[in-house]
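Presented below is the structure to which this report refers.
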Amino acid sequence: MKKPKELMISENLSFLRKQYHYTLEEVADKLSVTRQTAAQWETGEALPDVVTIVSLADFYDVTVNDLVRFDEKKAGSKIPPKGKHMFGIVKIQERGQVVIPKDARTIFKINKGDSFVLLGDESPESFGLALIPVELFLGLSDELLKKLRNGMGEKEQS
């Protein structure tokens with residue numbers, strides 16, 4: 001079976017199975033198909049039906065679009081889990097500015113003038129920076145304060 005160039009499903013199925021250390025038998029059992037059918041999907045000899053593609057995307061925790069079309073060579077990264085994104089490389093400008101890529105601004109609804117809290121972690125296992133919308137951060141902070149106050153109140157009563 002010849003497939004259009006833009007379909008990457010067979011490569012992505014093979015990559016994901018190996019990434020999760022599943023055997024063809026395990027995938028076939030999970031999806032109630034034969035081992036041969038699962039193997040044919042990975043070699044491109046056959047394509048799963050739409051319902052099975054949705055099941056495969058759920059099984060591997062990726063979007064259907066990424067499962068079918070994600071091109072590792074073009075993206076320069078591995079297929080991401082659902083809801084996780086890599087938008088490319090950004091450079092810090094002369095005065096410390098960072099340009100957030102348009103795709104990221106669109107997905108996260110970031111507009112000119114929006115404010116964020118910049119958090120950082122220096123520990124080697126989770127080193128990095130994070131931007132969190134001010135409203136979300138303040139909401140989380142208020143919730144944490146309430147929980148802390150409730151916890152202290154309970155200790156004082158006992």
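Looking at (1) buried (at least 17 other Cβ atoms within 10 Å of the Cβ); (2) among the aliphatic types (A, V, I, L, M); (3) more than 30 Å from G88 (Cα to Cα), which is the one condition that is false for L16?
(3)
Starting from the stretch 135-150, keep only residues that are of a type in the set (F, W, Y), then list their pairs with residues that are surrounded by 10 or more Cβ atoms within 10 Å (Cβ to Cβ) whose Cβ atoms are within a distance under 8 Å, requiring at least 6 positions of separation or different chains.
F137/V117
Output the number of residues of the stretch 68-94 satisfying the condition of being touching a helix residue (DSSP H, G or I) at 6+ places or on another chain (Cβ under 9 Å) and basic (K, R).
Total satisfying the criteria: 3.
Condition first: open to solvent by less than 40 Å² (accessible area, probe 1.4 Å) and either assigned to a helix (DSSP H, G or I) or in contact (Cβ under 8 Å) with a residue 60 or more places away in the chain (or both). Now tell me which residues in the stretch 38-67 satisfy that.
Applying the first criterion (open to solvent by less than 40 Å² (accessible area, probe 1.4 Å)) to the stretch 38-67 yields 38-39, 41-42, 44, 46, 48, 52-53, 56-57, 60, 62, 66-67.
The answer is A38, A39, W41, E42, T52, I53, L56, A57, Y60, D66, L67.
What's the number of the only condition in (1) small (G, A, S); (2) at pLDDT below 85; (3) loosely packed, with under 10 Cβ neighbours inside 10 Å; (4) at negative phi that S77 fails to meet?
Of (1) small (G, A, S); (2) at pLDDT below 85; (3) loosely packed, with under 10 Cβ neighbours inside 10 Å; (4) at negative phi, only one is false for S77: (3).
Among the numbered conditions (1) small (G, A, S); (2) farther than 30 Å from S14 by Cβ; (3) surrounded by 10 or more Cβ atoms within 10 Å (Cβ to Cβ), tell me where S123 comes up short.
With (1) small (G, A, S); (2) farther than 30 Å from S14 by Cβ; (3) surrounded by 10 or more Cβ atoms within 10 Å (Cβ to Cβ) applied to S123, the lone miss is (3).
One line per residue, one yes/no per condition, for (1) under 18 Å from the mean Cα position of the chain (by Cα); (2) of a type outside the set (G, A, S):
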position	(1), (2)
V64	yes, yes
P81	yes, yes
K91	no, yes
S115	no, no
E122	no, yes
L131	yes, yes
E143	no, yes
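Count, please, the residues in the stretch 84-112 that happen to be open to solvent by 60 Å² or more (accessible area, probe 1.4 Å) and assigned to a loop (DSSP other than H, G, I, E, B). If you could, list the steps in order and put the result at the bottom.
So in the stretch 84-112, the residues open to solvent by 60 Å² or more (accessible area, probe 1.4 Å) come out as 84-87, 89-95, 97-99, 102-103, 105-109, 111-112.
Those left that are additionally assigned to a loop (DSSP other than H, G, I, E, B): 84-87, 89-91, 93-95, 97, 99, 108-109, 111-112.
Residues that pass the stated criteria total 16.
Give me the residue from the stretch 28-37 that is among the hydrophobic types (A, V, I, L, M, F, W, C) and assigned to a helix (DSSP H, G or I) and, out of that set, most open to solvent (accessible area, probe 1.4 Å). Working first, answer last.
Pass one, the stretch 28-37, residues among the hydrophobic types (A, V, I, L, M, F, W, C): 28, 31, 33.
Now drop any that are not assigned to a helix (DSSP H, G or I), which leaves 28, 31.
Working: A28: 3, L31: 32 Å².
Looking at the filtered set, the residue picked out is L31.
The values are calculated or read from the model by the stated rules, or taken from the named source; none is laboratory data. Since this is a predicted model, take the numbers as computed values, not measurements. A quick note on method: Cβ atoms are made from the backbone with ideal geometry, for glycine too, and the neighbour counts reach across all protein chains shown. Quick note on the areas: whole protein, heavy atoms, side chains included, nothing else; ligands and nucleic acids left out. Shrake-Rupley method; radii C 1.70, N 1.55, O 1.52, S 1.80 Å.
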